[in-house]
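The values are calculated or read from the model by the stated rules, or taken from the named source; none is laboratory data. Everything numeric here is computed off the predicted structure, so don't read it as measured data. Cβ placement follows ideal geometry from the backbone for every residue including glycine, while neighbour counts extend to all protein chains displayed. The protein model used for the area step is the full one, side chains on, heavy atoms only, and it has no ligands, DNA or RNA in it. Shrake-Rupley method; radii C 1.70, N 1.55, O 1.52, S 1.80 Å.
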Amino acid sequence: MQEREVPEYLHHVNKRLEEEGDRVITYLDHSTQKPLIACVEKQLLGEHLTAILQKGLDNLLDENRISDLTQTYQLFSRVKGGQQILLQNWSEYIKNFGTTIVVNPEKDKDMVQELLDFKDKVDHIIEACFQKNEKFINLMKESFETFINKRPNKPAELIAKHVDSKLRAGNKESTDEELERILDKIMIIFRFIHGKDVFEAFYKKDLAKRLLVGKSASVDAEKSMLSKLKHGKPLQLLTLVFKSEPFVLIYVKVTDWIVKRTECPTPPTVQNGNLSYLVFLFPLQGKKEFHVSLFQTLVLLMFNEGDEFIFEEIKIATGVEDSELRRTLQSLACGKARVLIKNPKGKDVEDGDKFIFNGDFKHKLFRIKINQIQMKETVEEQVSTTERVFQDRQYQIDAAIVRIMKMRKTLCHNLLVSELYNQLKFPVKPGDLKKRIESLIDRDYMERDKDNPNQYHYVA
């Protein structure tokens, strides 16, 4: 054992067991086979289980040595306690390897893909080497859940962004069938996460962006992903309306927000249409049908009144917020379908830029879709989304405390905390619960017992 590498030693053990089996058949009474083989197993394996695994299991798993792992499983299953100690080391390996993926901020860019690859790897090992043993499958799931939640919130956020990258237009990496398989794998990782409300917040925001700027790669894929989420953990705040051809997705809260936020003078043609997509008829070189967004429509309608406008004139007339207007003008004057001509030329829209109606516009298609430029998520947006999740959690904690106290009337601190852990669906620290309890006491929803400060009474 000291002189050999683990695969070589296991091969030696296997060979010795075969030799002893042949020896019994050839020279000894058949009744001696069982105790003799058991003695060999104990001396060569049973006495060295921990040493074998400590010396070589991690290397076998790192290098994905399927045949050697299969032999390890088969031999350890022959001795008492062998499979149990293999299970323990298997779990520790998954936790340690997974933790290196999750906790290192430098790996955030590739975290989700590495998690998916790691999950594929352990699934293959279980199927090929461990005979699909349920104990190994269940312990693998527990280990994934343990390590992926060592870093709160960030994995949930990155999974949502990974989904966005796969569902966004321009993703040419996979066919529809491959995309469906990728989404199924992502959902498996998603189910291990405790802070699903963080995923929900980022997923909804990214979904709204894809739909509002026409950047969704596939209608069927969007529907499929929503269906998977509903079957897994329903996203309670996600309100969507589906219609048949032409496909329309209206994200109710976001479209309302856009109109209120911009305070733009919405023309009647837009008011009577839906707020996510609009079909705008525009005569260029004969009739062309443009599929444009609300903001693009507001800009294009101005050119019924004149052939050219400067940036400031468009901003005043439309009432669209500065950064949104710059992105809208980029899509109309700097994209593939250049309905407007920008002067001076360039990708960025600056103050004083002039925009001229493109009377020479030509396009081979009758129906032309002008995609909005998708704004990259800023650090401020990311922080804002995270803060909104934490604020929502505080409301949920407050509601749970009041609900419990209203039902129980009187409860000690430890029992209240225990009840909260059972009801809340996201990870929470005892200190955070204590702060919410103190807040509710200050607001007269409950009160401390005068004689016992660890006991609370509901205030009707």
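The set of residues from the range 190-214 being open to solvent by 30 Å² or more (accessible area, probe 1.4 Å), in contact with a helix residue (DSSP H, G or I) (Cβ under 7 Å, 6 or more places away or on another chain) and part of a loop (DSSP other than H, G, I, E, B) is empty. Applying the criterion of being touching a helix residue (DSSP H, G or I) at 6+ places or on another chain (Cβ under 6 Å) and in a loop (DSSP other than H, G, I, E, B) to the residues of the range 73-127, the residue that is most open to solvent (accessible area, probe 1.4 Å) is 78. Just to be sure before I move on: is residue 331 part of a helix (DSSP H, G or I), open to solvent by less than 40 Å² (accessible area, probe 1.4 Å), within 18 Å of residue 373 (Cα to Cα) and out of contact with any Gly (no Cβ under 6 Å at 6 or more places or on another chain) in the structure I sent? Here the answer is yes, as residue 331 does meet what is asked. A residue that is more than 30 Å from residue 397 (Cα to Cα), in a helix (DSSP H, G or I) and open to solvent by 50 Å² or more (accessible area, probe 1.4 Å) cannot be found anywhere in the range 150-162.
Among the residues of the range 25-70, those that are surrounded by 19 or more Cβ atoms within 10 Å (Cβ to Cβ) and acidic (Asp, Glu) comprise 41, 68. Taking the condition in a helix (DSSP H, G or I), within 25 Å of the chain's Cα centre (by Cα), of a type in the set (A, V, I, L, M, F, W, C) and loosely packed, with under 11 Cβ neighbours inside 10 Å, does residue 389 pass? Answer is no for this residue.
Only one entry of 349, 299 meets the criterion of being in contact with a helix residue (DSSP H, G or I) (Cβ under 7 Å, 6 or more places away or on another chain) and not in a loop (DSSP other than H, G, I, E, B), and that entry is 299. Taking the criterion of being without any contact (Cβ under 8 Å) to a residue 12 or more places away in the chain and touching a Leu at 6+ places or on another chain (Cβ under 9 Å), the only residue of the range 28-73 that qualifies is 28.
Return yes when residue 342 is modelled with pLDDT of 80 or more, of a type in the set (D, E, K, R), open to solvent by less than 40 Å² (accessible area, probe 1.4 Å) and farther than 19 Å from residue 215 by Cβ and no when it is not. The answer is yes for residue 342.
Filtered by the rule that a residue be surrounded by 14 or more Cβ atoms within 10 Å (Cβ to Cβ), among the aliphatic types (A, V, I, L, M) and free of Cβ contacts under 8 Å to residues at least 40 places away in the same chain, the range 392-414 gives 397, 400, 404.
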